[in-house]
Structures are given as C-alpha cells and as structure tokens.
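Report on the structure given below.
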Amino acid sequence: MKAFIEKSIQNQSYIFFDGGMGTYLQSHGLEQGQLPETFNLDKPQVLKDLAKLYLEAGANVINTNTFGANRLKFPMDDPKYPIDKIVTSAVENAKEVRDAYVKEHPDRDAFVALDIGPTGKLLAPLGNLDFEEAVSIFKQVISIGAKAGADLVLIETMSDSYELKAAVLAAKEACDLPVIATVIFSENGKLLTGGEPKGVVALLEGLGVDALGVNCGLGPVEMKGIVADMAAAASIPVVVNPNAGLPRVENGVTYFDVTPDEFSKTMVEIAEANNNVLGLGGCCGTTPDHIRALVDALKDKKANPVEPCEDTVVSSGMGHVVLSDHPVVIGERINPTGKKKMKQALVDDDMEYILNEGVTEEENGAHILDVNVGLPEIDEPAMLKRAIYELQGICTLPLQIDTTDMVAMEGAMRIYNGKPMINSVNGKQEMMDAVFPLVKKYGGVVVSLLLDEDGIPDSVEGRMKIAEKIYANADKWGIPRKDIVFDALVMTISTDSSAAKITLDTVRRITEEYGACTVLGVSNVSFGLPRRDLINTAFYTAALNNGLTAGIINPSSKAMMGVYYSFMAIRGYDAQCLNFIDHFAGTVSPEMQLKKALESGSLSAAGGEENDTAEGSGDISKTPLGGAIVKGLKDKCGKLTEEQIKSGTDPLDIINHYIVPALDVVGQGFEKNTIFLPQLLMSAEAAQACFDVIKNELKSAGVESESKGKVIVATVKGDIHDIGKNIVKVLLENYSFDVIDLGKDVPPEVVVETAIKENVHLIGLSALMTTTVVSMEDTIKALREAKVDCEVCVGGAVLNQEYADMIGADAYCKDAMQTVRFAEEYFAKHPEFV
Amino acid sequence: MKYETQRLGKIPFEINRRELYIYAGYRGTATPDEAVLSLIEECIQEVEEASEIRGILKWCQIVHEKDDNGNEMDDVFFIGDFHVKSQALGKNLKGCRDAILVGATLSPSIDLLLHRYSRLQITKSVLMQATAAAYIEAYLDEIQRMVKKELAPEGLSLRPRFSPGFADFTTEYQAPFLEALDAGRTLGITLAHNSNMMVPSKSVTAVMGICKAGTEAVAPMKM
C-alpha cells in the first residue's frame, strides 16, 4: 500500500475509498442496539457482498468492519465475541473478497484497510480514560488486524486530538503498515474538543501518518471549507470521505439525501479546487452507487499535485500557533533558573504554583509556554510529564518542552496533546542523534541552538555553519526544515560588547537566507547590568526588527509586552491597531502613574495602608486584616500579612489573633446560613493568601508550619466530579490540617495504600451520585478489611445520615464546614495522631 | 406529528440568575454581595465565550409494551428506539403519545475552564459550576419554550423535562439514551470510562413528553 500511495503521488492519480456500511447492514438484519461487528462472525456473507459491491464500484480501499472493535466492547474473554476473533474475521472476510476480485481483475489495485474508530470514551483530564490505556486498547486491535493481514490502518471519525494521537502512536508502535487518519469536524469547523484543521494537520504530520483527512459529520458541500483548510495546511495526501449530506430523520429512520450524481459533482469540485486531495470516498449514507459515480467522474483525470506547506506550526489540544505567520511570545516563567519561588514550588511538589504561573502567562498574552522543571534534587522526567499533563488540562496554549534530559523529553513528548515545541537540540552530534529520533516519532518544532562541540562561535559565519549542519542532520532523519527553528543565542553584553550584534546579525541572516523561524532568550542580553529593563526592551525591539519570530520573555513585563504590541502595530500585523488599543487604551505610562500618585498623596513610604492595631478589640472584622479575610480580599490579605510581619508581629500571632478568628466569623456565618458558599470560599482563599506569606516566612526562618493532623480526601471510583472534595480540601487546609488529595475516580485500594503508607487516621470520601455511593461503600469496606486504624467521614450531593450509616461511615458531613468540625473533634479525641 | 431529529446550535436565551445563585449555594432570597456578583458576571461572560453550546431533539412515538393479558403497561415502553422501564418516567409521560428526547452540551472547553478553576481558584470554580449549570438549563428552557410555541396551534404542550438520575429512571439509562440520540457523534457526549457520568460534564439528557394543552402538570409521585 505504501508503494501505491507513492505511485499515486507521483502519477497524480486518485485513490478511491469505499463508502457507508451502517445503512447496508441495517437493511440486512442489523438490529438497533446490536453491535455491527458481531456480523463478522454471525453474518460474514453480508459484509463480503458489500465489499464486493465497493470493489466493483471502483474502490481501491475497502474497510474492515471493525469501527467499534475494541476490548471495551469486546473483551478478550467474551465467550462469543472475543476481540481477537472479531478483528481477525473482519480482516479475513475483506481479504477473501479482495483476493478473489484482484484475481479476476489483475490490473486493479485493491487494499484492505483495518478500520479504527474512537473508543467512545474521552481521555483524561476531560474524561477519565488514561492516555496510555487508550494507546494499549488501540494497539491490541491493530496488532490483531496486522497479524491477520490488513494492508493499512485507517483511523477515522476521531473527534478528539488526544485520542487521535493515542491511535496513531498505537498504529506506529504495533505495526509497519501505512497509517491514514481522518477526523470528524463539526459545522463550526472544529473538532468536538476544539482543534482546528491546521492544528490537526500539524499533529498528524508530526506523528508521521501517510495520509490524513476528514470524514463523516458533514456532506461534501458542508465540507468544502474544511477540506480547503486541511489541504492548504498539509504536505501529504489528503483523504475526503463525507457523508451523503446531513442526516435527516423521518419516522425514526435516518436518511441521507445527496444523490450519487450530486455527491460526485461536489467531490469533483473539491478535488479540482485543492492541491493534495488524492483520496476520495464516502462515509454515512454513501452507497456503492455514490462511489461508482465518483470513480467514473474522476478515474481518468489527473489529480492536483501534492505540494508541501511550509508553515511552521505547533499545536495543543484546542489550539495552534503558526510561528511563520508573525512574531509570537513564548512565556519564560515556568523555569526554576533564577526564580526562587519556582524552585521551591518544584521541591515542594506545588503544582498549583506552576499552573498559576502558566495561567498568568496566558492571561498576559503569551502564545506558547516554555516548561522547564529541571532541578538536580527532583525526579525531572516524572515532574516534567506531570507538569505538561496538568498544564494541558487547564490551558489552551501550545507548550514548549524544555529539558536536557532525554528521558524527560520523550516522556513529555509522548503524553503531550498536540505537536509541541522542543527546547532544544544543538549542533553537537550526540544531541542531534538523541533528539531527532524523538522528533521523528512524536513530531515537534525543534529549537536548535547554534553551538556545537567547539562551543558558541563568536561570528555570524560560524553560527550559520552550525545551522547548515543541523539542517543536514534533520534531512537525514526526514524531519522537514520548517520544523527546525534556530536560537541564535543571546549572550550578555556586559562581558562582550559585540555579543548582541552577532546575535542580531545571525537572526537577520537566518531569516533572509533560510526564511526560517528564530527564537531568542531575550533577557540574557542584560545579565550583570543595572536597569536590565532598558537593555532588554531595546534589544527585543532590535531583534524583532531583524526578523525574530519568538522571543522567550516574561509576559508579565509590561515593558516587554509593550514592545511586542507596538511592533505588531507598526509592522502592520495588527489591523487598525485593534489589539494595541485593546491592551493600552485607558492606561497611562509608569511616569504618569507615579506623578499622579504623588500628587494625590496616595503614595507614602509606609505603603499607604493604616497599620493593624485592633488586636484584642472585640470585632475581628474591624481590623484591616481580619476584615480583608472576612470580605475575601485575596490580594489585600497577602500584602497586609507581609506588612504585619515586617512590623514585627510574630507569624503565629497573626494566625491565632487574626486569621483563625476571622475564619471563625465566616464559618459560623455559614453554619447559621447568613454567609453562603461563595463568600465562605472567598474568605478561605484570602486566608490562604495569608498562609502562603506566613509559610514562606516560617520556612526562611527554618520553622516548620504547625499541622493539626493529616487527612486524606478523595472522590471515589467512578465519580469524576470533584468540586465538593476540592472545597473540603481548601477549608481543611485553612484550618491547618495537612491534606493528602488523591483526586477523583480513586480506586479503593489507592485509599487503603495511602492511608497505610502515610500513616493517616482520618479519611474523607466524596461522591456525587447514587451509583457511586457503592464505590464509597467498597472503599470503607476495603479500609476495614485492611484493618486501617481510621475514621471515615463522607459527603456529597446524594448522601444523608441514613445513607452514611448504611455504608458504614463514621460520620456524615453535610458540608465542608462540618468536615472541618468533625476533623477538629476527631483530633481532639486522638491527640496521638496529630 | 413530525418524527424528526433537529439539531440546534446557539440560540438567544437569558440565563436565570436566581437559579444560578441557588446552584452556587445561596438559600432563600439571599443574594450575593458585590464581590461575588462581579465574579458571577465574569463567569457568565467566560461561559458565553468559551462554550460551543449545542443540542439535539429527537421527536419519537411512545409505544407501551403489553403484559401477559395484553394490557398496556404504564411503566414499560419504547420512546422511539429507546426502551425504558420506569414508573417515575411512566407517570411523567402518562397520557402522552409522543415525546421528545433531548440532549445538550456546553462542550469540552468549559470542562477545561472548570478544571482550571478547581485547581487554582475554588470560589470561581463553584461559581463557574453554577454558571455553567444555569446556562445549560436556560438553554433547555428556551428549547422547551420554542417547542411549546410550535405545539400550541395543535392544542399540544409539554410535560416537565425528566432526566436520567430521577427516581427509578436511573443513570443506567444514560448509555442507551445517548445511543438513541447518537450523541457521541452529534454532540460529542460520551460516558466516562467505567461510569454513567457524561463527558463533557456540563451535558444534559432529558425526556419531554408531548401532552394535550392543560395537562402539563404531573401529579406528585410517591416512590
């Protein structure tokens, strides 16, 4: 099949795929609700007849009846329909027909495609199917199908880029067959999980599929725009398998109205209007007649050529960035180098801190986030994988995987949902031999540092030579040059006054001579100098002017982002300066701000706020800090706490005299129904801000923060709604309990293991639905059977005291405050467990 | 009766703020203070921007199964191809010859936001949950209004929406319900692995019985 695809590209000849199967099977006895794959064993002749009809109509590729064949639906130990039999019979049925047909028509190229549809489950974190589990599910089917003799793997109707990646990886790892992948777009031109054609193409080409395309969901007319986008973004053959129009249901029966003639007419238009479109066939509602009409109309015509798209694209699950379109900003904040707090967060395994940095960068205008978690004292591969996984769960931006540890790099590339940016490779042979195979396998745009075994050349010429060497190596690996972006290397001008000039000249030459994208770690230029902001902004401006694509900068720096938005406006990348206006209308320069502040007298050396002196007075809400907590003013709380510490108040006194009493006011209000959940939580977050300051203070003084006892919280197995558990966690932490959060969908054994390992005696379980209360009961049973010395409190929407008693819980807590109270009582009874 | 499937995208509708406050934990007539209100407005805006709300309506005939004596059973019936055994739903649909299966979702982009806030800003997470819930309910309310308007000239109306998870119409019905709507393909709703919970999490399935105008109310039921 690979040779046939090659030949088709060479000769510009079309490859015809078969059409729909569902309607045919229904008219041949498939009942509603019956799994179509059971026909492989029960009624193979129906499938053989259909395959023959498609071959006679002119199809080159016929699909096996395995769209929904996977072990979730057909377990290996199923007595009647085990997965291996289902898949093997499907391939054999198709092969038998194909072999007989080709024997009679030796001039015909005909291939059997192992058809792979989605699992029907959404991958975590949107759903709860683990990525590697999905890979394993697909791998099993593909291994069986390849062994049975399929000629290619056709992955189709994928609506989630993450599942798509799992399926393609599985195909690549399970066999050597060619892989074609087609996806289903909604009318809005997006995947159900949000991806757009350009990002999908980047992902698929990065993973090395042989052809890609679109199927199902829409008719040929509705598909025109999407196909045009895909074809323009692609460098390999594009396959178009539409439905016979949009489905229409009448009297319970689904109809597709587009006739074979109309179908083929539009398909001809699509084929003629776009380069790269070589594969044509149908999906739901199309019949052998549709395919025949299509083949008749196009078989003697020459297809448009397959031509490469030279855009440099990185993608995420929901978005993509075209680096070659215009300059972009790469956020530099997720990197411990020179950042004390980030370092501490990594050592403390404080993922929230990292996620917060990422979200802040996104909000401040970054287009791509660099992720570097390299610290000698942590397990970098594990941390990088987790950071990537967690970031892509909360943020839509493409990520740049930044590491020198190859194990970490591969782990992160593998689980990344999209085509990542990789930071970095360089001209050292050893590095290229390590990084390029990974890029070949998983795809990625690689930042290539212009240095090699001999160090960093101090001339433009020297750096250009290394660029040549990197290109040559990438060519050898079959990595397209558009996926190589160059880092011309920024050195500080404080030690070498010509450093910046060499860098800028290199950027210009790479831009002009290769048309390639460039990256710079901009702020290195000012290392060792005063007023780095001045040098940095000047250098960034100059670099953009010389053609820089992506500055790795701090998006929170108003000065740097000011340069970026100004440059975009000046260079005509910002139509009517709308983006610039959006960011800066109504703002004033820092000088003006200062002037105004001084004039109005709001700026004083002491920081403005009156000092907190109300200790001992009756109403905690009247003290500035207490009041800020009660009102839930998070930002103010952090500042006020800092001021109190600066003015000499002992941190523990702040906790005991301000935070705890303020939390009590709010907690009691909540219990009395005068304060409601959002306010309670705002106060909790505000108190958290105080605690963060205090913890840092204690840490630098070498004091351990006090814990009132350890608690495990978990949302039980099968339950994926964890808001209740999260609320409980925040409040418990507020009250100085040490919380181990096991997350959602937690199997009983994990709770038991953690309780034993971490020596925890109080466990809080949450469940939202009646169906998952069963898992709660299982978890309690498992804890009792393992004789864990603990009490279990339970909560959740459907629970009540009666239910809690029934499943053997020690307590029912109707809300988060009650859980706090229960924990207080428990540890008062059991001081030995604190 | 038209036995059709209708697909809907975004339609104009008003979110019910009172309902949102209740979802967020406010009781009685209590209203959020200014700080919370401004967060709620932020949430509404974010949901409006991020969601790709869509729905599907499948107009079906209700066919009751017969017991051994040939009598129609109130609690065992087909709604189109969707087979149900439920006293509660049977009661809700009593007297209806047709019903509409409806599904709607706010899309996975909302889950990303919910996930983000649940990790980083718990207050906003609660308000976002409440907003998203109120948003999809308002969407369904609007659909219901539209359908009622369409039915009115024929002297017909709708019973209250009835979703899996109420009484003996358990969430076990979620899988066949989604299948009846082909919701995986049409709306992107699937069930979580080893669970009856829908993904995207802000998704709703419901049955709307078509009844004679004036018989919209269902007698309270004892289970």
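Here are the numbers:
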quantity: Whether region A:620-700 is rounded, prolate or oblate, judged on the alpha carbon gyration tensor where a/c under 1.5 counts as rounded; calculated: prolate
quantity: Exposure proxy order (Cβ contacts within 10 Å, fewest to most) of B:208, A:76; calculated: A:76, B:208
quantity: Exposed GluC sites (Glu not before Pro) absent: longest stretch of chain B, with sites in DSSP loops and at most 15 other Cβ within 10 Å deemed exposed; calculated: B:15-215
quantity: Most positive-pole-ward Cα, A:279, A:184, B:35, against dipole of the protein assembly as shown from beta carbon charges; calculated: A:279
quantity: Angle in degrees between helix A:44-57 and the longest Cα principal axis of chain A, rounded to the nearest 10; calculated: 70 degrees
quantity: Directionally averaged projected area (convex hull, Cα atoms, the protein assembly as shown), nm²; calculated: 47.0 nm²
quantity: Charged-residue dipole, Cβ positions (Lys, Arg, Asp, Glu), region A:488-587 about Cα centre, Debye nearest 20; calculated: 180 debye
quantity: Degrees between helix A:634-646 axis and first principal axis of chain A (Cα, 0 to 90, nearest 10); calculated: 40 degrees
quantity: Efficiency of FRET from Cβ geometry, residue A:698 and residue A:440, R₀ 60 Å, rounded to 0.05; calculated: 0.75
quantity: Distance between region A:387-457 and region A:46-91 - C-alpha centres, whole angstrom; calculated: 39 Å
quantity: Positive-pole candidate from A:415, A:81, A:663, dipole of the protein assembly as shown, charges at beta carbon; calculated: A:81
quantity: GNM flexibility winner over chain B from B:33, B:81, B:141 (Cα, springs under 10 Å); calculated: B:33
quantity: Shielding by partners - mean other protein chain Cβ count within 10 Å, residues of A:186-194; calculated: 5
quantity: Restricting region A:31-80 to trypsin sites (Lys or Arg not before Pro) in coil, as DSSP defines it, with at most 10 other Cβ within 10 Å; calculated: A:80
quantity: Computed helical MRE - 222 nm, chain A, DSSP H runs ≥ 4 contributing -39500 (n - 2.57), nearest 500; calculated: -14500 deg cm²/dmol
quantity: For residue A:490, residues with placed amide H under 5 Å, excluding near neighbours; calculated: A:521
quantity: Exposure proxy ranking, count of Cβ atoms within 10 Å, fewest first, for A:409, A:432; calculated: A:432, A:409
quantity: Vicinal HN-Hα couplings computed from phi for region B:15-28 (Karplus, 6.51 cos²θ - 1.76 cosθ + 1.60; Hz; Gly/Pro x); calculated: 6, 8, 5, 4, 5, 4, 4, 5, 4, 7, x, 7, 10, x
quantity: Helix A:429-442 axis, angle to chain A major axis (alpha carbon atoms, nearest 10°); calculated: 70 degrees
quantity: Bridge type composition, the protein assembly as shown - antiparallel percent by DSSP, nearest 5; calculated: 40 percent
quantity: Qualifying trypsin sites (Lys or Arg not before Pro) in region A:292-329, DSSP loop, other Cβ atoms within 10 Å at most 14; calculated: A:299, A:301, A:302
quantity: HN-Hα J in Hz across region A:150-163 - Karplus 6.51, -1.76, 1.60, θ = phi - 60°, x for Gly and Pro; calculated: 5, 8, 7, 10, 10, 8, 9, 6, 7, 10, 9, 4, 6, 5
quantity: Region B:101-180 versus region A:313-352: alpha-carbon centroid distance in Å; calculated: 35 Å
quantity: Sorted by Cβ density within 10 Å, fewest first, the residues A:525, A:200, A:407; calculated: A:407, A:525, A:200
quantity: Computed over chain B: relative contact order in percent, which uses C-alpha pairs under 8 Å that are six or more apart; calculated: 26 percent
quantity: Per-residue HN-Hα couplings for region A:700-716 [Karplus 6.51, -1.76, 1.60; θ = phi - 60°; Hz; x = Gly/Pro]; calculated: 5, 8, x, 9, 6, 5, 6, 10, 8, x, 9, 10, 9, 10, 7, 8, 6
quantity: Cleavage-rule hits (GluC sites (Glu not before Pro)) in region A:412-491: DSSP loop, at most 16 neighbouring Cβ within 10 angstrom; calculated: A:453
quantity: 10 Å Cβ shell holding at most 15 others, DSSP loop, trypsin sites (Lys or Arg not before Pro): longest site-free stretch of chain B; calculated: B:98-221
quantity: Inter-centroid distance (Cα atoms) of region B:1-21 relative to region A:140-157, Å; calculated: 42 Å
quantity: Dipole of chain B, positive end: most advanced residue of B:76, B:198, B:181 [Cβ charges, Cα centre]; calculated: B:76
quantity: Cβ-placed point charges (K, R +1; D, E -1), dipole of the protein assembly as shown about Cα centre in debye, nearest 20; calculated: 1200 debye
quantity: Base-10 log of normalised Debye intensity for region B:5-211 (one unit scatterer per alpha-carbon) at q = 0.09 Å⁻¹; calculated: -0.38
quantity: Shape category assigned to region A:229-315 from the gyration tensor of Cα positions, a/c cut at 1.5; calculated: oblate
quantity: Charged-residue dipole, Cβ positions (Lys, Arg, Asp, Glu), region A:2-298 about Cα centre, Debye nearest 20; calculated: 300 debye
quantity: Three-way shape label, region A:710-833, alpha-carbon gyration tensor, a/c 1.5; calculated: rounded
quantity: Longest DSSP-loop-exposure-free segment, chymotrypsin sites (Phe, Trp or Tyr not before Pro), chain A, at most 15 other Cβ within 10 Å; calculated: A:1-526
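Read the figures in this text as sums done on the coordinates, not as results from a lab. A quick note: this is a predicted structure, and the numbers were derived from the prediction, not measured. Heads up, the Cβs are rebuilt from the backbone with ideal geometry, glycines too, and the neighbour counts pull from every protein chain shown.
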